[in-house]
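Everything on this sheet refers to the single structure shown next.
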Amino acid sequence: MTGRGMSSIGMMRRAGVLILLGFSACSSGADKAATPEQSKGPPPMPAPETVSSRPNAGPGERLYLDKCAMCHGPAGMGTGLLARRTEQALLEKRTDLTPEFVIQAVRMGIGNMPAIPRGEASDAELKQIADYLSTKKESGQ
């Protein structure tokens, strides 16, 4: 072989050695045990609220679970966003909601929440949801 061929083989060997060294350096920390703080991870998500999780729900509550809870339940994005602006982000636990406010917020949209058209929730359905959210606390439920 010529001198040129030898240097190509030598360079390939050097590259191979460097690659192996790189892999061994990357994997050297994998054997170390994680501390309990590191292995915990985030807390688990709350269980979703669904119609099947509340078999005794009334009509307004069933509609709320079907049409609203995916965003406004314990694991919903709307709850997280509302938590930045109100003390109680879960709509079902709020005591300051009136039927008129709920209906207007749903139809017009509010903050990051888009307007919900009548094709997704009829006026009659929305009234039942609004009544459920506003009267639930008054009756001590």
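Tabulated data
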| read-out | value |
| --- | --- |
| Electrostatic dipole magnitude of region 59-135 [Cβ: Lys, Arg +1; Asp, Glu -1; Cα centre; debye, to 20] | 200 debye |
| Ranked I110, I19, criterion: other C-beta atoms within 10 Å, fewest first | I19, I110 |
| Listed residue (S122, Q88, Y132) projecting farthest to the positive dipole end of region 59-135, Cβ model | Q88 |
| Under 5 Å, built H, 5+ apart or other chain: amide partners of M113 | none |
| Projected label distance in nm at M45 and T86, using a 7 Å step from Cα toward the beta-carbon | 2.2 nm |
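We did not get these values from a lab; they are worked out from the coordinates using the rules stated. This is a predicted model, so every value here is computed, not measured. Quick reminder, even Gly has a Cβ in these numbers, built from the backbone with ideal geometry, and neighbours come from all protein chains shown.
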